[in-house]
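Below is one structure, written out as C-alpha cells; the observations come after it.
Please treat every number below as a calculation from the coordinates, not as lab data. Note that this is a predicted model, so its numbers are computed, not measured. FYI the Cβ positions are ideal-geometry reconstructions off the backbone, even for glycines, and counts take in every protein chain you see.
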C-alpha cells in the first residue's frame, strides 16, 4: 500500500493543477472583456485618459493595409483631439466580443465588432459620424496586469 502513495499524491497534485489553470484563464478572460468594456466606455465618455489607462508605451497598429508602432504620447496626441471633438450617441458591440488567453496566461486577445453613431465638431461645422468596425485588441500580462499592446482594425464598407 505505501508503494502506491507517491502515485496517489502525484495524481492529486496534477488534478489540482489542471483544475486551477482553467479557472485562472477564465478570470483572465473576464479581465480582458472588462478592459474592452473600459475602452468602449472611453469612447462614449470622450475620455482619452480612460482609453489609454490599460495601454503601455509600446504599441503596434495594423490598419488600412499598414503596420506601424506608436508611443503612448503619440496615441494621446492623435486620438485625444478626435475623442474631444466627438460625441457618440451609440458606441456598442454589435456582437458579443470574444476573448482568449494563451495557455501560459501571458498573452490574450479580444475580437469585437462595434457600431458607432454620433457627431464630430469640426472647425467650421459639425458632421455625423457613423461606422461599423471590427478589430482585435492584443494584450500582454506584465507584472500581473493586462496591458493592451496593439490593435488590428478594419471598417465595414
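Just checking, how many residues over the range 43-59 are under 13 Å from the mean Cα position of the chain (by Cα) and either assigned to a helix (DSSP H, G or I) or in contact (Cβ under 8 Å) with a residue 24 or more places away in the chain (or both)? Total satisfying the criteria: 7. Selection of first residues in the range 23-42 that are more than 11 Å from residue 110 (Cβ to Cβ) and of second residues that are part of a helix (DSSP H, G or I), restricted to Cβ pairs under 6 Å at least 6 apart or on distinct chains, gives the following pairs, ordered by first then second residue: 42/50; 42/51. Counting only strands (runs of 3 or more DSSP E) that sit completely within the range 77-157, those holding 2 or more residues that are in contact (Cβ under 8 Å) with a residue 12 or more places away in the chain, over 18 Å from residue 54 (Cα atoms) and in contact with a helix residue (DSSP H, G or I) (Cβ under 8 Å, 6 or more places away or on another chain) correspond to 86-93, 107-121. Considering only residues in the range 133-146 that are over 17 Å from residue 98 (Cα atoms) and touching a strand residue (DSSP E or B) at 6+ places or on another chain (Cβ under 8 Å), the one that is surrounded by the most Cβ atoms within 10 Å (Cβ to Cβ) turns out to be 141.
In the set (1) surrounded by 13 or more Cβ atoms within 10 Å (Cβ to Cβ); (2) under 17 Å from residue 41 (Cβ atoms), the condition left unmet by residue 89 is number (1).
Being surrounded by fewer than 15 Cβ atoms within 10 Å (Cβ to Cβ), in contact with a strand residue (DSSP E or B) (Cβ under 7 Å, 6 or more places away or on another chain), in a strand (DSSP E or B) and free of Cβ contacts under 8 Å to residues at least 40 places away in the same chain is true of residue 69.
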